[in-house]
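Asks: Following this message is one structure expressed as structure tokens.
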Amino acid sequence: MAYNSDLAINGGKPLRTKPFGPRWIFGEDDKRQLVEVIDNANNHGWRNRIKVKAFEEAFAKKHGVKHAKAVNTGTGACHTAIATIDPEPGDEVITTPVTAHGTFTGIVLQNAIPIFADMDPETFNIDPDDIERKITDRTRAIMVVHLFGNPCDMDAIMAIGRSHGIPVIEDCSQAHLAQYQGRLVGTIGDIGVFSLGGKTLTTDQGGMIVTDNDELAERARDFSSGGSNSFGDAHRFTDLEAAIGLSQFSQWDEVTNVRLKSAAILDEIVPHLPGFTVQ
């Protein structure tokens, strides 16, 4: 097969000659937030967590939940969520194999066993019917992943969880501000977890846990701080990261809308391409 000699890779004129630009835009507000952390640290020390508390409150308010707990990474958020439900060694957590490793790393770190349910071939998300088939007397939780921004079938999954008395954890790391039937993901199950490392809301590295359950929130706080509200470091989130998060928070809706517009274009074009379908 002959290649088109007009392609830039074959010496033709490039269609684009300028860089696309940065993936994330950092500006004066980010600098101001960071300077405030440094100035405050000079007076009160590094671990007063003023920015962390403000960031957690903003995140909780955005999702309409009572509790948000910031941690060091998305993997740390998954680990904390599993620890919060307190499995015994050898207990099982049903999840999907089609995800980043952090989802099941948190399960293994608590000496639980990830049980992989199959995916729905049309959505790539976990198949509720196979979740039901995988439940045993050792099942301690269901951990779903809203893959590529596409929410799972939460009505079916929550019905399964409630019928068996099993908590549902939502991994929303790939689905910031995605909605399922008008509800933000992360607010439907018992616990929602988010990665903040290089996502549409970025703190460089970081994670977040959200819940409306007071007992689960307290357990998450205790575990992630090593049992201490002041000096624990199990999955500690810093004021420097929170400062960036607060600044980036103001751009979150705008960044999300750009993604939605791009997705709408692909949704319109891709189904007309031979051999392709949309998720």
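Asks: If you average the sequence gap of Cα pairs under 8 Å that are 6 or more apart and divide by the length of the chain, what percent do you get for the contact order?
Replies: Values: 494 pairs, mean separation 58.8, N = 279.
21 percent.
Asks: Counting Lys and Arg as +1 and Asp and Glu as -1, each charge on the Cβ, what is the dipole of region 171-279 about the Cα centre in debye, to the nearest 20?
Replies: 300
Asks: Next question, about the same structure. Mind checking which of ALA112, PRO87, GLY74 is farthest towards the positive end of region 1-147's charge dipole, using Cβ charges of +1 (Lys, Arg) and -1 (Asp, Glu) about the Cα centre?
Replies: Ranked along the dipole, the leading option is GLY74.
Asks: Using helices alone, I'd like the mean residue ellipticity at 222 nm for the chain: each DSSP H run of four-plus residues gives -39500 (n - 2.57), total over residue count, nearest 500.
Replies: -12000 deg cm²/dmol
Asks: Related question: With charges only on Cβ, +1 for K and R and -1 for D and E, what is the dipole size of the chain about its Cα centre, in debye, rounded to 20?
Replies: Dipole magnitude for the chain comes out near 960 debye.
Asks: Between LEU177, THR211, ALA243, whose Cα lies farthest towards the positive end of the dipole of region 169-279 when Lys and Arg beta carbons carry +1 and Asp and Glu beta carbons carry -1, centred on the Cα centre?
Replies: Going by the Cα projections, it comes out as LEU177.
Asks: What percentage of the solvent-accessible surface of the chain, computed with a 1.4 Å probe over protein heavy atoms, is contributed by carbon and sulfur atoms?
Replies: About 54 percent, which is the carbon plus sulfur part of the accessible surface.
Asks: Here are labelled values, (i) -0.39, -0.79, -0.90, -1.11; (ii) -0.59, -1.08, -1.17, -1.30; (iii) -0.56, -0.84, -0.88, -1.00, and one is the computed log10 I(q)/I(0) by the Debye sum over Cα atoms at q = 0.08, 0.12, 0.13, 0.15 Å⁻¹ for what I pasted. Which one?
Replies: Label (i) holds the value from this structure.
Asks: Additional query: Just to be sure I understand: with springs between alpha-carbon atoms less than 10 Å apart, which residue in MET208, MET143, MET119 has the highest mean-square fluctuation in the Gaussian network model of the chain?
Replies: Per the Cα network of the chain with a 10 Å cutoff, MET119 tops the list.
Asks: Where the convex hull is taken over the Cα atoms of region 169-261, what is its projected area averaged over directions, in nm²?
Replies: 6.5
Asks: Which Cα, out of ILE166, VAL258, MET143, lies furthest along the positive dipole direction of the chain (beta carbon charges, K/R +1, D/E -1)?
Replies: VAL258
Asks: Okay, moving on. What is the extension gain from VAL35 to LEU15, computed as 0.36 nm multiplied by their sequence separation minus the C-alpha to C-alpha distance, in nm to one decimal? Before the final figure, lay out the partial values.
Replies: Working: separation 20, 0.36 × 20 = 7.20 nm, distance 4.14 nm.
Computed gain between VAL35 and LEU15 is 3.1 nm.
Asks: Once R0 is set to 35 Å, what does the formula 1/(1 + (r/R0)^6) return for the Cβ-Cβ distance between ALA8 and GLU132, expressed as a FRET efficiency to the nearest 0.05?
Replies: Approximately 0.10, to the nearest 0.05.
Asks: Take region 34-170, drop everything but the C-alpha atoms, weight them equally and run the Debye formula without solvent; then report log10 I(q)/I(0) at 0.09, 0.12, 0.17, 0.19 Å⁻¹ to two decimals.
Replies: -0.34, -0.56, -0.93, -1.09
Asks: Would you rank VAL258, VAL93 by solvent-accessible area, highest first, keeping every protein chain in place and using a 1.4 Å probe?
Replies: Largest accessible area first, the residues go VAL258, VAL93.
Asks: Something else about it: To two decimal places, what compactness ratio does region 120-198 give when its Cα radius of gyration is scaled by 2.2 N^0.38 Å?
Replies: 1.05
Asks: May I ask what percent, to the nearest 5, of DSSP beta bridges between residues of the chain are antiparallel?
Replies: Restricted to the chain, the bridges split so that about 45 percent are antiparallel.
Asks: What figure, in Å² to the nearest 10, do you get for the accessible area of ARG138 with a 1.4 Å probe and non-protein molecules left out?
Replies: Counting only protein heavy atoms, ARG138 exposes about 100 Å² to solvent.
Asks: Please calculate how many Å² of accessible area region 168-279 carries per residue, with a 1.4 Å probe and no DNA, RNA or ligand atoms counted.
Replies: Here the per-residue accessible area is 49 Å².
Asks: If you average the sequence gap of Cα pairs under 8 Å that are 6 or more apart and divide by the length of region 138-275, what percent do you get for the contact order?
Replies: Answer for region 138-275 is 15 percent.
Asks: Related question: With a 10 Å cut-off between alpha carbons and a GNM built on the chain, which of PRO14, PRO89, PRO22 moves the most?
Replies: Of the options given, PRO14 has the highest mean-square fluctuation.
Asks: Just to be sure I understand the rule: take each whole DSSP H helix in the chain, project its Cα atoms onto its long axis, keep it if the span is 18 Å or more and its mean Kyte-Doolittle hydropathy is at least -0.5. Which ones pass? Walk me through the numbers on the way to the answer.
Replies: Numbers: long enough: 28-44 (23 Å, -1.45); 50-63 (20 Å, -0.44); 252-269 (26 Å, 0.02).
What comes out of the filter, once short or polar helices are dropped, is 50-63, 252-269.
Asks: While we're looking at this one, here's another question. Hey, can you find the accessible area per residue of region 58-115 for me, probe 1.4 Å, expressed in square angstrom?
Replies: Each residue of region 58-115 exposes 35 Å² on average to a 1.4 Å probe.
Asks: While we're looking at this one, here's another question. With labels modelled as points extended 7 Å from the Cα through the Cβ direction, what inter-label distance (nm, one decimal) is found for GLU28 paired with VAL278?
Replies: 4.0
Asks: Round to a whole angstrom and tell me the spacing of the C-alpha centers of region 6-39 and region 127-184.
Replies: Taking the Cα centre of each part, region 6-39 and region 127-184 sit 36 Å apart.
The values are calculated or read from the model by the stated rules, or taken from the named source; none is laboratory data. Please read all numbers here as calculations on a predicted model, not as lab measurements. Ideal geometry is used to build each Cβ from the backbone, glycine not excepted, and the neighbour counts take in all protein chains shown. The accessibility values were calculated without ligands, DNA or RNA, using every heavy atom of the protein model including side chains. Shrake-Rupley method; radii C 1.70, N 1.55, O 1.52, S 1.80 Å.
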